[in-house]
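What follows is a set of notes on a single structure, which appears directly below.
The values are calculated or read from the model by the stated rules, or taken from the named source; none is laboratory data. Quick caveat, the model's predicted, so the values are computed rather than measured. Note: ideal-geometry Cβ built from the backbone for every residue, glycine included; neighbour counts use all protein chains shown. Please note that ligands, DNA and RNA were not included when accessible areas were found on the heavy atoms of the full protein model with its side chains. Shrake-Rupley method; radii C 1.70, N 1.55, O 1.52, S 1.80 Å.
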Amino acid sequence: MDIQYVDPTLSGSYSGVESFPKSFVYGVEEMEGSSSSADRPRILLMGLRRSGKSSIQKVVFHKMSPNETLFLESTNKIYKDDISASSFVNFQIWDFPGQVDFFDPTFDSEMIFKGTGALIFVIDAQDDYMEALGRLHLTVSRAYKVNPDINFEVFIHKVDGLSDDHKIETQRDVHQRANDDLADASLEKVHLSFYLTSIYDHSIFEAFSKVVQKLIPQLPTLENLLNIFISHSGIEKAFLFDVVSKIYIATDSSPVDMQSYELCCDMIDVVIDVSCIYGLMDDGGGCAYDRESLAIIKLNNTTVLYLKEVTKFLALVCILREESFERKGLIEYNFHCFRKAIHEVFEVGGSPDGAAWRPESSSGRKYGAVNGSAV
Ligand SMILES: Nc1nc2c(ncn2[C@@H]2O[C@H](COP(=O)(O)OP(=O)(O)OP(=O)(O)O)[C@@H](O)[C@H]2O)c(=O)[nH]1
């Protein structure tokens, strides 16, 4: 589809023209049990060697291009990545080495699994996965014993090398075998979710979105707000995106089709790239994405894409018909109400650009794993 018109009212500055300048991506830390971050809920990335764990983490959270992952070295200790400084998602990602030994006395499964929200087990679908299934079973049964509340997520990864039929067949087979193993160990209660993923397309972002969404306690409220917003504004689909990672933390309740999601991801890239080129301030300061960030892209098939800042980390990206966009004033008013509601949900203490902004009501509730109150 051709982009006919781009109207980004963008401010801020960048030092490069990549999708995100290095200064805007997540800060990396190698923390050896840093106490402030040790309490944060975590997402574990586990799986056999070379299954693609580090690549997933680098591509989703550090804007590494998929081809660069070819040169990643093998991880030989737990790599803890705190992404909360620049993301709405207030989690740590722990990337485990492939050869992790659960029976090693130094492996403290209590400490590791206790504060874990989700365990992502990565299986290389281009390889023989029998050994990986054995390791999956061992990992899940170990983790479940310590913490039955963990969400177990299985990424059947590197599916870019598989035909469509082969993908479906692999998913069915992995699903069947993994669940049979659990049933044999009387662990039928354990629920595994399966995703077909690849770093070479948007599937890895989609899968990560779903993993993260399960950890957001306010998800039903967000969905509800999005439903109300779109139904009153003539919008077809709306996503609430974590801008840096392009994970969508919520969408309205209509089904997500991959193409719409990809379109919205691409829009974020366009906006940030244009901002990189034309949003520079003379002194080189500022931020690529801020309160003023707004973009409208009209496609040549009468579709309009609309992006607007919601919080420092979140953007609303909508897909609508050109006719509906004629009522732009209504959309803007509804957006204003929506934005206010989102800020209230997360008890935003100050606006992302530093101006004093307080929600009208404050419930005093705590929202666990989400980084809203820090905005
Ligand atoms: N085709 C394809 N290759 C991938 C994909 N994801 C990762 N790879 C490749 O898989 C290889 C191993 O990736 P890593 O991310 O280093 O694997 P790892 O699981 O972290 O490995 P260890 O650190 O040894 O445990 C690299 O060459 C990546 O380029 C994918 O989705 N598709």
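Before moving on, here are some points about what is shown:
- Couplings 3J(HN,Hα) for segment 143-157, derived from phi with the Karplus relation 6.51 cos²θ - 1.76 cosθ + 1.60 (θ = phi - 60°), are 5, 5, 4, 7, 9, x, 8, 5, 8, 9, 10, 10, 9, 7, 9 Hz, where x marks Gly and Pro.
- Full extension of the segment from His232 to Ser141, taken as 0.36 nm per residue of separation minus the current Cα-Cα distance, would add 28.1 nm.
- Using a simple spin-label model with pseudo-atoms 7 Å out from Cα toward Cβ, Met281 and Asn224 lie 3.9 nm apart.
- Relative pair counts by distance (%), Cα atoms of segment 113-224, 5 Å bins: 2, 11, 21, 21, 20, 13, 8, 3, 0
- Here segment 45-174 carries DSSP beta bridges of which approximately 25% are antiparallel, counting only pairs with both residues inside.
- If the chain linking Leu187 and Asp257 were pulled fully straight, counting 0.36 nm for each residue of separation and taking away their Cα-Cα distance, it would gain 21.9 nm.
- Net lengthening on full extension, Asn300/Lys340 (0.36 nm per residue, minus Cα-Cα): 11.2 nm
- Remark: spin-label model distance Gln176-Leu330 equals 5.2 nm, labels positioned 7 Å along the Cα→Cβ axis.
- Relative protection proxy for 321-334, 258-271, from highest mean packing down: 258-271, 321-334 (other beta-carbon atoms within 10 angstrom).
- Normalised Debye scattering of segment 42-215 at q = 0.15, 0.16 Å⁻¹ gives log10 I(q)/I(0) of -0.83, -0.95, counting only Cα atoms as equal scatterers and leaving out solvent.
- Cβ-Cβ FRET estimate between Glu292 and Arg50, R0 fixed at 35 Å, reported to 0.05: 0.20
- Area projected by the alpha carbon convex hull of segment 218-348, averaged over all directions, nm²: 8.2
- When you count the other C-beta atoms within 10 angstrom of each residue and take the mean per peptide, 313-319, 217-223, 197-203, 182-188 line up highest first as 313-319, 197-203, 217-223, 182-188.
- Note on segment 42-215: with neighbouring protein chains present and a 1.4 Å probe, carbon and sulfur make up 49 percent of its accessible heavy-atom surface.
- Taking Lys and Arg as +1 and Asp and Glu as -1, the other residues whose beta-carbon sits under 10 Å from that of Tyr200 total -1.
- Derived scalar couplings ³J(HN,Hα) [segment 254-267; Karplus, 6.51 cos²θ - 1.76 cosθ + 1.60; whole Hz; x for Gly, Pro]: 6, x, 8, 9, 3, 5, 5, 4, 5, 4, 5, 4, 4, 5
- Averaged per residue, segment 184-288 has 41 square angstrom of accessible surface, using a 1.4 angstrom probe with ligands and nucleic acids left out.
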